[in-house]
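Nothing in this text is a laboratory measurement; each read-out follows from the coordinates by a stated rule. Owing to the predicted nature of the structure, the values given are computational and were not obtained by experimental measurement. A quick note on method: Cβ atoms are made from the backbone with ideal geometry, for glycine too, and the neighbour counts reach across all protein chains shown.
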Amino acid sequence: AEQKGIQTDLVTLTRFILDEQKKSAPNATGELTLLLNSLQFAFKFIAHTIRRSELVNLIGLAGVTNATGDDQKKLDVIGDEIFINAMKGSGNVKLLVSEEQEDLIVFESSKGNYAVVCDPIDGSSNLDAGVSVGTIFGVYKLLPGSAGSIKDVLRSGTEMVAAGYTMYGASSHLMLTTGNGVNGFTLDTDLGEFILTYPSLKIPHTRAIYSINEGNSHYWTDGVNEYIASLKKPQANGKPYSARYIGSMVADVHRTLLYGGIFGYPADSKSKSGKLRVLYECFPMALLLEQAGGEAVNDKGERILNLEPKQVHERSGIWLGSKGEVERLLPYLTKKI
Ligand code: AHG
Ligand code: MN
Ligand code: MN
Ligand code: MN
């Protein structure tokens with residue numbers, strides 16, 4: 001009989017991707033599988049580096065700012081270098097967009113057919129406090145006949161072939177979609193493998209949790225203020241919504257994906273285009289949420305994935321979460337105040 005409690009048939013990320021490849025694209029070249037293996041190496045290396053960061057004095061500021069004006073943390077820079085080297089070493093990535101790089105990176109000698117967009121360390125302002133941070137990524141297949149140029153990445157989110165994030169918390173969680181739903185993996189550091197722990201994850205249709213930085217409420221539109229005020233009143237069940245805001249998008253989205261609820265970083269009179277970047281924050285999270293049965297819209301209630309970015313660090317306001325919660329929000333975004 002099977003020994004109680006000992007799992008002897010573990011589904012690793014590698015095995016899962018190979019199964020997916022056989023199921024979804026029998027004549028696939030296996031290139032995306034190889035790319036995802038290079039991605040998982042980057043996550044393991046970044047997880048290892050973050051875990052040791054306080055021991056090797058890697059916390060604190062690097063003393064420079066990046067293209068989007070953020071103060072770079074040492075780990076922003078290290079995470080970015082780890083990621084760039086892992087993508088260059090993969091052999092099948094031609095282009096890379098990173099929050100920490102002003103311009104598109106072209107791997108000249110690569111014959112790769114993929115473009116990757118990434119936020120190497122998301123939530124880095126929280127790093128020194130030991131709060132969960134993560135890496136967000138999205139993958140585009142080069143356009144037919146393309147040798148690799150900016151046109152391969154300034155595309156709508158609907159064209160992403162894979163997207164997700166790895167959150168570095170008590171353990172490292174990789175949430176991934178390759179277009180057939182969302183699957184979650186947990187890093188077993190002893191085995192050095194991501195193990196399937198959330199097969200075919202679906203977000204609850206509603207949940208009375210809202211996640212937003214209320215410190216910006218003075219700058220919000222009347223519609224957003226009215227919406228948030230409506231959540232603070234006792235609902236049909238006599239209880240108001242709960243407020244949960246961590247300040248790392250990856251951690252706030254991970255909780256939203258697992259528990260349900262709504263997360264928002266709307267544009268406001270202070271940040272006219274919002275704060276979050278379209279290519280490597282909004283698109284990957286929007287694709288994940290839609291694949292898990294949720295929704296992601298901009299300040300006008302339009303589908304995030306339909307946006308067409310005109311430059312690599314373009315920002316957008318974003319609301320994402322349970323379908324029932326986003327539907328409740330929509331009238332407040334569209335009604336003329
Ligand atoms: P990053 O650390 O990659 O620059 O991203 C930070 C983002 C995102 O993680 C989070 O949702 C948001 O900044 C928090 O912004 P506020 O501190 O203004 O709430
Ligand atoms: Mn940043
Ligand atoms: Mn970020
Ligand atoms: Mn970042």
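Assorted remarks:
- Computed from point charges on the beta carbon alone (+1 for Lys and Arg, -1 for Asp and Glu), the dipole magnitude for the chain about its Cα centre is near 800 Debye.
- D_trans [Stokes-Einstein, Kirkwood Rh over alpha-carbon pairs] for the range 1-142, 4 °C, 1.567 mPa s, µm² s⁻¹: 77
- Each of L143 and K335 was given a label point 7 Å from its Cα along the Cα-to-Cβ line. The distance between the two points is 4.2 nm.
- Mean separation of Cα contacts under 8 Å, 6 or more apart, over the residue count of the chain: relative contact order %: 15
- The charge dipole of the range 1-46, taken about the Cα centre with unit charges on the Cβ atoms of Lys, Arg (+1) and Asp, Glu (-1), comes to about 60 debye, rounded to the nearest 20.
- Per residue, the convex hull spanned by the Cα atoms of the range 260-337 amounts to 86 cubic angstrom.
- Each of V131, I50, N66 was placed along the dipole of the chain (beta-carbon charges, centred on the mean Cα), and the one lying farthest toward the positive end is V131.
- FRET efficiency, 1/(1 + (r/R0)^6) with R0 22 Å, evaluated for K270 and K310 via beta carbons: 0.50
- Local net charge near Y114, Cβ-Cβ under 15 Å (Lys/Arg +1, Asp/Glu -1): +3
- Gyration tensor over alpha-carbon atoms, the range 149-233, equivalent ellipsoid semi-axes in Å: 32, 22, 14
- W220 sits among other residues whose Cβ lies under 11 Å from its own Cβ, and their net charge, with Lys and Arg +1 and Asp and Glu -1, is -4.
- Inter-centroid distance (Cα atoms) of the range 22-40 relative to the range 252-309, Å: 27
- Along its three principal directions, the equivalent ellipsoid of the chain from the Cα gyration tensor extends over semi-axes of 31, 24, 21 Å, largest first.
- Inter-label distance, nm, simple model (7 Å from Cα along the C-beta direction), F45/S200: 3.6
- Stretchable slack from R15 to E327, in nm (0.36 nm times residue separation minus alpha-carbon distance): 108.6 nm
- Distance between the pseudo-spin-label points of D128 and K88 (7 Å out from Cα toward the beta carbon): 3.0 nm.
- The range 161-308 shape via C-alpha gyration tensor axes, a/c threshold 1.5: prolate
- Dipole axis of the chain (+1 Lys, Arg; -1 Asp, Glu on Cβ), positive-most option in L201, P309, L35: L201
- Beyond 18 Å in Cα-Cα separation lie the following of the pairs K151/K310; K300/K323; K232/K272; K74/K94; K275/K310: K232/K272; K74/K94.
- When each of the peptides 114-123, 6-15 is scored by how many other beta carbons lie within 10 Å of its residues on average, the order from highest to lowest is 114-123, 6-15.
- Each of L104, A115, I78 was placed along the dipole of the range 72-125 (beta-carbon charges, centred on the mean Cα), and the one lying farthest toward the positive end is A115.
- Using just its DSSP H runs of length 4 or more, each adding -39500 (n - 2.57), the chain gives a mean residue ellipticity at 222 nm of -9000 deg cm²/dmol after division by all residues.
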